Amino acid sequence: MPHKNLNDLLAFVAVAREGSFTKAAAQLGVSQSALSHTIRALEARLGLRLLTRTTRSVSPTEAGERLFLTVGPRFEEIDAELAAITELRDKPAGTLRITTAEHAANTVLWPKLVKLLPNYPDIHMEITVDYGLADIVAQRYDAGVRLGGEVAKDMIAVRIGPDLRMAVVGTPRYFSARPPPQTPQDLTEHNCITLRLPTYGGLLPWDFEKAGHEVKTRVEGQWVFNSSTSILRAALAGLGLAYVPEDMVQEPLVEGRLMRVLEDWCPPFPGYHLYYPSRRQSSPAFALLVDVLRYRG
């Protein structure tokens, strides 16, 4: 049956449920004659009599009873789901999916969301750690988190973190066997712990800048990871030099477990941004997420 005849089925369900054309017509907001015409047209298309009419009552035939028991509950399910969806418009609820890098997940998302979600039990959060700059529209994410310079121009971007700096670090034991590098070019003589990202395919180069002079250094070493946490662990084990966000190494630097080099070659750069494709029809849950994550300096 074509979808355009769903209204006829709704009319039939109303009459069968109420057992009265008068009550069903009032419920649907139509005249009794129009409702009677709709039911007759439905019966004609099906080639079956669905209702038995008398001057005092209306009751389903065997075919009508079967149709009512089959179709009626499904319309109730649809009504219930539409009501549930409408509630999402009025209160923070539903599932929010975010793709992000590991460092942003640990330093920006987690500290704020772990405080937020206990107060909103109807919000469910799905966070996927992915270095591949996912297409958030094609992969049905609500938003992504990336560094400011990596956000596509056609996206809405909201800053959610401060500027960042990178740090080149190694253990005192490592430097006891090799002289610390004085320039980025000296790194070619060192065992560097490298990062492979799916976006680049190859190993991620180490970017430096000093007095407006930019240097992109391709380093090598025994160890390659796709996680900054693993890189830091390897550096703490004395396996080589790591190039990681500064905030990851503040504690081991203070404790003397790591030493920093090339600090004057690591200037600040724009921090993390939440990005998404449109402001239109954002749910209360997503609006709350944006407000909570927004960086206020």
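The values are calculated or read from the model by the stated rules, or taken from the named source; none is laboratory data. Predicted model, so just to flag it, every value in this text is computed and none were measured. Neighbour counts are summed over all protein chains in view; Cβ atoms, including those assigned to glycine, are modelled from backbone coordinates with ideal geometry.
Numbers for the structure displayed
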read-out: Search result, residues across the range 275-297 that are among the aromatic types (Phe, Trp, Tyr) and in a loop (DSSP other than H, G, I, E, B); value: Tyr295
read-out: Evaluation of Pro118 against (1) over 20 Å from the mean Cα position of the chain (by Cα); (2) without any contact (Cβ under 8 Å) to a residue 12 or more places away in the chain (one fails), failing number; value: (1)
read-out: Of residues in the range 147-189 being of a type in the set (Lys, Arg) and modelled with pLDDT of 90 or more, the one farthest from Val219 (Cα to Cα); value: Arg159
read-out: Residue satisfying condition, being touching a Gly at 6+ places or on another chain (Cβ under 6 Å) and surrounded by 13 or more Cβ atoms within 10 Å (Cβ to Cβ), within set Pro252, Pro270, Pro245, Pro277; value: Pro270
read-out: Condition met for Ala16 (assigned to a helix (DSSP H, G or I), surrounded by 15 or more Cβ atoms within 10 Å (Cβ to Cβ) and in contact with a Pro (Cβ under 9 Å, 6 or more places away or on another chain)); value: yes
read-out: Those strands (runs of 3 or more DSSP E) lying entirely in the range 191-274 with at least 3 residues under 17 Å from His103 (Cβ atoms); value: 242-245
read-out: Among (1) touching a helix residue (DSSP H, G or I) at 6+ places or on another chain (Cβ under 7 Å); (2) part of a helix (DSSP H, G or I), the one test that Met125 misses; value: (2)
read-out: Sole residue being buried (at least 17 other Cβ atoms within 10 Å of the Cβ) and closer than 30 Å to Gly271 by Cβ, chosen from Leu35, Leu67, Leu50, Leu113; value: Leu113
read-out: Residues that are in contact (Cβ under 8 Å) with a residue 40 or more places away in the chain and outside any strand (DSSP E or B), drawn from the range 138-152; value: Gln139, Arg140, Tyr141, Asp142, Gly148, Gly149, Val151, Ala152
read-out: Complete set of residues in the range 192-215 that are within 26 Å of Thr107 (Cα to Cα), of a type outside the set (Phe, Trp, Tyr) and modelled with pLDDT of 90 or more; value: Cys192, Ile193, Thr194, Leu195, Pro205, Asp207, Glu209
read-out: Where a residue in the range 282-297 is assigned by TED's automatic domain parsing to the domain that holds Gly148 and under 14 Å from Tyr141 (Cβ atoms) and its partner, wherever it lies, is surrounded by 14 or more Cβ atoms within 10 Å (Cβ to Cβ) and charged (D, E, K, R), with Cβ under 7 Å and at least six apart; value: Phe286/Asp142
read-out: Long-range neighbours under 8 Å by Cβ, at least six apart or interchain, first residue more than 16 Å from Ser57 (Cα to Cα) within the range 24-35, second surrounded by 15 or more Cβ atoms within 10 Å (Cβ to Cβ) and of a type in the set (D, E, K, R); value: Gln27/Glu18
read-out: Those residues of the range 203-238 which are in contact with a Phe, Trp or Tyr (Cβ under 8 Å, 6 or more places away or on another chain), among the acidic types (Asp, Glu) and without any contact (Cβ under 8 Å) to a residue 40 or more places away in the chain, in sequence order; value: Glu214
read-out: Matching residues, the range 222-237, being surrounded by 17 or more Cβ atoms within 10 Å (Cβ to Cβ) and over 33 Å from the mean Cα position of the chain (by Cα); value: none
read-out: Cβ pairs under 9 Å, 6+ apart, first in the range 179-195 and in contact (Cβ under 8 Å) with a residue 12 or more places away in the chain and farther than 22 Å from Ser228 by Cβ, second assigned to a helix (DSSP H, G or I) and of a type in the set (A, V, I, L, M, F, W, C); value: Thr183/Trp265
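Here is a yes/no grid of residues against (1) modelled with pLDDT of 85 or more; (2) within 30 Å of Phe225 (Cα to Cα):
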residue: Thr70; (1), (2): yes, no
residue: Ala84; (1), (2): no, no
residue: Ala93; (1), (2): yes, no
residue: Asn106; (1), (2): yes, yes
residue: Lys115; (1), (2): yes, no
residue: His124; (1), (2): yes, no
residue: Tyr131; (1), (2): no, yes
